[in-house]
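One structure below.
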Amino acid sequence: MLSAFRRFLCLLGGVSILVAVCPADGVAQKRKQKLPSQQFKGYGLPEVVKKPVEKAIDVAPVQASRRDECRQQAARIDALVAENLKRHGLEPNPVADDYTFVRRAFLDGVGAIPTLPQTVAYAQNSDARKHEELVDELLSSPGYVSHMYNFWANILRIKDRPENNILAYGFRHWVKEQLRINRPYDEWVYEMLTAEGKIWENPAVGYTLRDNGMPLVHVDNTVRVFLGTQIGCAQCHDHPFDDWTQLQFYQLAAFTHGVRTRDGGGSPAFANGNPVQRIRDELTKQDPDKRLAGSMNLLMQANLFRVSFDAKRKLKLPHDYQYDNGKPNQPVTAQVLWGEIPDHAKSASPREQFAAWLTDPHNPRFAKTIANRLWKRVMGVGLIEPVDDLRDDSPCANPELLDFLTAEMIRLDFNIKEFLRTLMYTETYRRASSDFDPSLAEFYHFPGPRLRRMTAEQIWDSILTLAVYNPVPYELPSVEEFSRQADLDLAAVSVEELESRAQQFDETVAPRAITKMMNVASYRRQILARASELPSPLPPDHFLRQFGQCDRETIEGDSTDPTVPQILTMFNGPFTHMMLEKGSVIYDNLLRARTPREALDVMFLSILNRPPTSRDRDVAMKELARGDRAMGYGNIVWALINTREFIFVQ
């Protein structure tokens, strides 16, 4: 027979993920033996995370004047969903209860579960439009920037320090800034595609530097990310499953072939010869054993990376080209895949022509791709799947709806925040979720959002919500500060100046200095900060990577597949212990509870964002009655965190 504790695990919102490995009574664990949570004495939370945020960043709010308009467009979306459901003989799901909705809206809006007061406040609010107020509040908050950054970092493969000594920290700051000010999507994409300079002068060049040395791969990635079209096969041969030819690929790549990512002969950095070799020679003169190494070498190499464009460079077909529409090594004339270059850009440089064509509202796949991506982000499944493999004949779950969403994105002038606001206003979004396997060869018709597991970032940030008051406990160096410390005039820099600057760099903005800044929030060798504020990518053994965070090598390379390390981390990792520390959010809330019944409400409303059912309450109260009350609280917190219900967006 199962012990009361094991029965408790089984009864909480369905079978817990723990049950499969919990030993039966008397086999591997005696009833009186203390569980790890009962033995916990505490390690101490960093002081900086126990203090509320003093000043949050200013975030562009949703437009209050557009609420009626947003509501009307949401109703049109609901009508198109309803028509499609009726066509297929399906009924919509019932509207979700307040507890389910507030949890879902927080996870989708800011990437973490709501706090106890936020959950209770929403449930007690009797305003018929409270869901709209909540959506507006979430999309206007710093959490929105953090959550959307995780979304884009995954797509854009943002890394703090890609290979070859590129210091790309500024690019992540730049992307966050575009989200903070809610800059129109087409504008910041255009800037990424045309930016020039060093990364600390113009951080948008980070997008181009991400594919440094791989110009053809960069074209493939760009078309895949922003036009939802995979043309990579055509780099080597005519596409076997689509209409793209190798010639068309090279014609498109010809627009950006003039991009250079590194200074060379003829650039200002080489005014006095190769700067790296010059410094090496000077070091050898001073001391034959001296080498250009460490931060001195890093700064020299990093300052060589500068994006520029030479319109005179011509792309040629490969030497082994074998089709009859061209010859090996033949120069290629730039040509777009479909449509035309916009009139306003026809006299611009080829690179600017490419960017203008790609981001043009009349480009049929630019608006459609981002509309489909954001629909999937909110509803759990794209109307076309995969979202980055759109074709002229791609099957679509609801073509009329996708056409409407595409037109809406254009009507909103690519205002992503207002678009998300419209989706989250819909009754479709407010309905109960449905389980659906997107790998099946069938469409999901959206009787409600799809039930899905949280992303790694959502799980991490939700655990922080339960434990810390300040999930952004430090401020990383600004782009301006990074520029002051890292920028060198390579043509004139001397060994003495380089040595001095390298020392300043090490003390202020170098990777070790940044690690030192982050260590103010260190807890058992983990930094207690939101996922958006952590290094990118993280080590493979980090919590986020264990739960499927992308390694930033492939586009949307994240995963929500379950693994054994995930279970072991939730069982024995430091994060369930963290919530039992003195000064944690849930610890403080439990201290305020006057009775075990109130404490039980605190635990359920904090972790699962719902009150306990009568069955939950009966089993939990029996667990509390078995011994020391504090031990019982620890067991229940540990059990709730380890339920499937906790890690799913319902």
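The values are calculated or read from the model by the stated rules, or taken from the named source; none is laboratory data. Nothing here was measured: the structure is a model prediction, and the numbers come from that model. With ideal geometry, Cβ positions are generated from the backbone for all residues, glycine too; neighbour counts draw on all protein chains shown.
I'd like the residue in region 591-620 that is in contact (Cβ under 8 Å) with a residue 12 or more places away in the chain and surrounded by fewer than 17 Cβ atoms within 10 Å (Cβ to Cβ) and, out of all such residues, is farthest from Leu466 (Cα to Cα). In this case the residue turns out to be Arg615.
Within region 557-590, the residues that satisfy the criterion of being more than 20 Å from Thr455 (Cα to Cα), surrounded by 16 or more Cβ atoms within 10 Å (Cβ to Cβ) and polar (S, T, N, Q) are Ser584, Asn589.
Scoring Val564 on the criteria (1) without any contact (Cβ under 8 Å) to a residue 12 or more places away in the chain; (2) in contact with a Lys or Arg (Cβ under 9 Å, 6 or more places away or on another chain) leaves a single failure, condition (2).
The rows are residues; the columns are (1) outside any loop (DSSP other than H, G, I, E, B); (2) under 21 Å from the mean Cα position of the chain (by Cα); (3) not assigned by TED's automatic domain parsing to the domain that holds Leu298.
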residue	(1), (2), (3)
Lys176	yes, yes, no
Glu191	yes, yes, no
Val205	yes, yes, no
Val217	yes, no, no
Asn221	yes, yes, no
Val225	yes, yes, no
Pro240	no, no, no
Gly265	no, no, no
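Pairs meeting the criteria (first residue in region 373-400 and of a type in the set (D, E, K, R) and at pLDDT 95 or above, second residue buried (at least 20 other Cβ atoms within 10 Å of the Cβ) and not in a helix (DSSP H, G or I), beta carbons under 6 Å, at least 6 apart or on different chains) are Arg373/Val387; Lys376/Gly382; Lys376/Val387. Within region 422-449, restricting attention to residues that are part of a loop (DSSP other than H, G, I, E, B) and among the hydroxyl-bearing types (Ser, Thr, Tyr), the residue that is farthest from Ala64 (Cα to Cα) is Ser439.
Restricting attention to region 366-378, does a residue exist that is in a loop (DSSP other than H, G, I, E, B), at negative phi and not basic (Lys, Arg)? Step through it out loud before you land on a result.
Pass one, region 366-378, residues in a loop (DSSP other than H, G, I, E, B): none.
No, region 366-378 contains no residue that is in a loop (DSSP other than H, G, I, E, B), at negative phi and not basic (Lys, Arg).
The one condition from (1) of a type in the set (S, T, N, Q); (2) in a loop (DSSP other than H, G, I, E, B); (3) closer than 24 Å to Ile199 by Cα that Thr333 does not meet is (3). When the helices (runs of 4 or more DSSP H) confined to region 581-640 are screened for residues that are touching a Pro at 6+ places or on another chain (Cβ under 8 Å), those reaching at least 2 such residues are found at 596-607, 614-624.
Within region 535-556, the set of residues being under 17 Å from Pro471 (Cβ atoms), touching a Leu at 6+ places or on another chain (Cβ under 7 Å) and surrounded by fewer than 20 Cβ atoms within 10 Å (Cβ to Cβ) comprises Leu538 only.
Per-residue answers, yes or no, for (1) surrounded by fewer than 20 Cβ atoms within 10 Å (Cβ to Cβ); (2) β-branched (Val, Ile, Thr); (3) out of contact with any helix residue (DSSP H, G or I) (no Cβ under 6 Å at 6 or more places or on another chain); (4) assigned by TED's automatic domain parsing to the domain that holds Glu191:
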| residue | (1), (2), (3), (4) |
| --- | --- |
| Glu340 | yes, no, yes, yes |
| Asp343 | yes, no, yes, yes |
| Arg365 | no, no, no, no |
| Gly380 | no, no, yes, no |
| Leu383 | no, no, no, no |
| Val387 | no, yes, no, no |
| Asp393 | yes, no, yes, no |
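Is it fair to say Ala311 is in the same structural domain as Leu193 (by TED's automatic domain parsing), under 30 Å from Leu216 (Cα atoms), part of a loop (DSSP other than H, G, I, E, B) and among the small types (Gly, Ala, Ser)? So Ala311 passes the test. Residues in region 517-531 that are surrounded by fewer than 18 Cβ atoms within 10 Å (Cβ to Cβ), touching a residue at least 60 places away in the same chain (Cβ under 8 Å) and in a helix (DSSP H, G or I): Val520 only.
Suppose we filter region 47-74 for residues that are part of a helix (DSSP H, G or I) and acidic (Asp, Glu); how many remain?
If we filter region 47-74 for residues that are part of a helix (DSSP H, G or I), which is where we start, we get 47-50, 64-74.
Among the residues that remain, those that are also acidic (Asp, Glu) are: 47, 68-69.
Residues that pass the stated criteria total 3.
Looking at (1) modelled with pLDDT of 95 or more; (2) surrounded by fewer than 23 Cβ atoms within 10 Å (Cβ to Cβ), find the lone condition where Ala204 falls short. Checking Ala204 against (1) modelled with pLDDT of 95 or more; (2) surrounded by fewer than 23 Cβ atoms within 10 Å (Cβ to Cβ), the one that fails is (2). Being modelled with pLDDT under 95 and crowded, with 18+ Cβ neighbours inside 10 Å is a description that applies to Phe482. The condition of being part of a loop (DSSP other than H, G, I, E, B) and polar (S, T, N, Q) holds for only one of Gln230, Gln248, that being Gln230. Within region 96-154, the only residue that satisfies the criterion of being of a type in the set (Gly, Ala, Ser), touching a Phe, Trp or Tyr at 6+ places or on another chain (Cβ under 7 Å) and over 18 Å from Trp460 (Cα atoms) is Ala123.
Can you confirm whether Glu137 is in contact with a Lys or Arg (Cβ under 7 Å, 6 or more places away or on another chain), under 18 Å from Phe419 (Cβ atoms) and in a helix (DSSP H, G or I)? Against the criterion (in contact with a Lys or Arg (Cβ under 7 Å, 6 or more places away or on another chain), under 18 Å from Phe419 (Cβ atoms) and in a helix (DSSP H, G or I)), Glu137 does not qualify.
Look at region 625-639: where a residue is in contact (Cβ under 8 Å) with a residue 24 or more places away in the chain and a partner is surrounded by 14 or more Cβ atoms within 10 Å (Cβ to Cβ) and in a loop (DSSP other than H, G, I, E, B), sitting 6+ places away or on another chain with Cβ atoms under 6 Å, you get Gly634/Leu580; Val637/Met579.
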